[in-house]
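Accompanying notes for the structure given below.
The values are calculated or read from the model by the stated rules, or taken from the named source; none is laboratory data. Note that the structure is predicted; figures quoted are calculated from it, not measured. A quick note on method: Cβ atoms are made from the backbone with ideal geometry, for glycine too, and the neighbour counts reach across all protein chains shown. Keep in mind that these areas ignore ligands, DNA and RNA; they rest on the heavy atoms of the full protein, side chains included. Shrake-Rupley method; radii C 1.70, N 1.55, O 1.52, S 1.80 Å.
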Amino acid sequence: MADFYLDIANSGLGKKVFSALGLPEPVALTRENTQTPHRLSGRVLLGCSQQGYFVDNIADLLKGSGVEVARDSVEGAGHLIFDASGISTAAESTQLYAFFHQHIKLLPTCGRVVVVGLDPNCVASADHAALQRGLYGFVKSLAKEIGRKGATANLLLVDPASEGAIAAPLRFLLSAGSAFMNAQILTAAPPVASLRAAWLRPLLDKTVVVTGAARGIGLAIAEVLTRDGACVIGVDVPQAEEELTAHMGRLNGHALALDITSEGAAAVLRDYCLTKGPSLHGIVHNAGITRDKMLSRMSEQQWAMLMQVNLGGVQRINEALLATDLLDDGGKIVGVASISGIAGNIGQTNYGFSKAAVIGMVENLAESCAARGITINAVAPGFIETQMTAAIPFATRQMGRRLSSLGQGGLPVDVAEVIGFFVSPQAAGINGNVVRVCGQSLLGA
Ligand code: NAI
């Protein structure tokens, strides 16, 4: 759906008028080029705290990525990376201040800030862990300061035993694919499976199931995964079979008309996957519905039906797939939650419950999945321009769009890119993460 405010704000005349009236002027975000995705370019200024653990590794891992890493010359720097892992006292935190105080003004439109720290759970000293936890507040605040430039700031927390695993999150956070992921914390742990894959076509020869693939975010996920080399099995309700078949035909994928809440649906999907080969690379649980009503007026049917689509169907499918070895050794499970499951939302007690439970599913399955070489993660989208949000009343819709640091709603492709990253083999060290894709929405931030 078109955001006319954003279009006008970025037109020649609109810029002048909006500026004169003091209206917010959201920047048109740079997104991946559909023909040449995953190509990084430009210059990164790489800074480091004293005794930073990762700085040399970061410089090495970015070699050959397309970005030029500069350690001292600031000229032309489009992105800033700071290894803050060595900061273990209040006094040492000045090193973080000094780097960004000096360089933040250099950040261009749609530039990237990535702060790298130690996962506080992996730090023996309580003081060191506390200072690393402080990076959350720093990154979230900095993101609010640079959002009006369309720039983002994210934090990558690393288990020291997982150094090779940080190449994928670093590249993703520097890429145009992370345009709407802002003020988030990713944690990287030792990889649960092989990291090997081609950077430009990471999903070549991989099959991935996407539920709710006939339209909206699910269709965008199917398109991004296909672009990255995957063969997509798109699932949607029988009523959407025509669109689903047309889209999957265009993407050289497979269409499976299946209501995920129907009797035996999980077994039908599992058996369908088994006919496509001995292994399945991943499943993206995107299908979801809203049934908004104030709790006092919500019918039991509205509660129960939503819970079966957003949660019950997802759990039964996971159970059926995990009862086989289809996903073992490199498989990926991705849930689609929502910021309503984090912040809550009026009229969405049912939806908020179901989406918070999706987050719980990720947190609680992460360890057992890792033991089998599988990762499980989730995205929590904020305001995304789809038919679901087009149905929101005009004034609320405008508020939803503007109330984020980037001042705009996201596009389905923004959610799809983060999922593409989770599903890529190189992200085998990213497990149990829940990432908001919301442009740093002020809701529940
Ligand atoms: P949408 O309504 O445009 O698409 C959802 C798709 O799921 C439809 O094709 C629908 O037919 C399918 N579906 C529904 N019930 C199904 C069932 N029982 N079995 C199989 N397929 C079924 O929704 P949208 O906006 O693309 O949302 C996709 C996901 O993202 C949902 O889980 C939603 O909760 C989540 N989300 C969306 C946000 C937004 O701003 N649009 C924000 C936060 C989360």
**Asked** What are the pairs, 6+ residues apart or on separate chains, where a residue within segment 191-219 that is more than 16 Å from residue 379 (Cα to Cα) and among the hydroxyl-bearing types (Ser, Thr, Tyr) has its Cβ under 8 Å from a residue that is open to solvent by less than 50 Å² (accessible area, probe 1.4 Å) and away from the ligand (no atom under 16 Å from the Cβ)?
**Response** 194/330; 194/425; 194/428; 207/230; 207/231; 207/277; 207/280; 207/281
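Against the definition (touching a Leu at 6+ places or on another chain (Cβ under 6 Å), at positive phi and open to solvent by less than 10 Å² (accessible area, probe 1.4 Å)), how does residue 150 come out, yes or no? Break it down stepwise before answering.
Working: touching a Leu at 6+ places or on another chain (Cβ under 6 Å): yes; at positive phi: yes; open to solvent by less than 10 Å² (accessible area, probe 1.4 Å): yes.
Yes; evaluated as a whole, the condition is true for this residue.
Being surrounded by 24 or more Cβ atoms within 10 Å (Cβ to Cβ), within 8 Å of the ligand (Cβ to nearest atom) and outside any loop (DSSP other than H, G, I, E, B) is the filter here; which residues of segment 207-218 pass it? Walk me through how you get there before you give the answer.
Narrowing segment 207-218 to residues surrounded by 24 or more Cβ atoms within 10 Å (Cβ to Cβ): 208-214, 217-218.
Narrowing the set further to residues that are within 8 Å of the ligand (Cβ to nearest atom) leaves 211-214, 217-218.
211, 217, 218 - these are the residues of segment 207-218 that are surrounded by 24 or more Cβ atoms within 10 Å (Cβ to Cβ), within 8 Å of the ligand (Cβ to nearest atom) and outside any loop (DSSP other than H, G, I, E, B).
List the strands (runs of 3 or more DSSP E) that sit entirely inside segment 233-349 and contain at least 2 residues that are within 11 Å of the ligand (Cβ to nearest atom) and within 22 Å of the chain's Cα centre (by Cα).
On the way: elements: 254-257, 282-285, 332-336.
The qualifying strands (runs of 3 or more DSSP E) are 282-285, 332-336.
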**Request:** Please go through segment 70-114 and pick out each residue that is surrounded by fewer than 19 Cβ atoms within 10 Å (Cβ to Cβ), outside any loop (DSSP other than H, G, I, E, B) and among the aliphatic types (A, V, I, L, M).
**Result:** 70, 91, 98, 104, 106
**Request:** Scan segment 219-232 residue by residue and report those that are in a loop (DSSP other than H, G, I, E, B) and buried (at least 20 other Cβ atoms within 10 Å of the Cβ).
**Result:** 228, 230
**Complete:** Among (1) in contact with a helix residue (DSSP H, G or I) (Cβ under 9 Å, 6 or more places away or on another chain); (2) more than 12 Å from the ligand (Cβ to nearest atom), residue 409 falls short only on (2)
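Among the candidates 380, 391, single out the residue that is within 20 Å of residue 213 (Cα to Cα), under 20 Å from the mean Cα position of the chain (by Cα) and not β-branched (Val, Ile, Thr). Lay out the reasoning, then the answer.
Details: 391 fails: under 20 Å from the mean Cα position of the chain (by Cα).
After ruling out the rest, the residue left standing is 380.
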**Request:** Sort out for me the helices (runs of 4 or more DSSP H) sitting completely within segment 357-445 that have 2 or more residues that are of a type in the set (A, V, I, L, M, F, W, C) and modelled with pLDDT of 95 or more.
**Result:** 412-423
**Subset tally (residues that are within 19 Å of the chain's Cα centre (by Cα) and buried (at least 18 other Cβ atoms within 10 Å of the Cβ)) for segment 188-206** = 5
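Select, from 165, 179, 161, 124, the only residue that is modelled with pLDDT of 95 or more and of a type outside the set (Val, Ile, Thr). I'd like the intermediate steps shown before the answer.
Numbers: 165 fails: modelled with pLDDT of 95 or more; 161 fails: modelled with pLDDT of 95 or more; 124 fails: modelled with pLDDT of 95 or more.
Answer to the check: 179.
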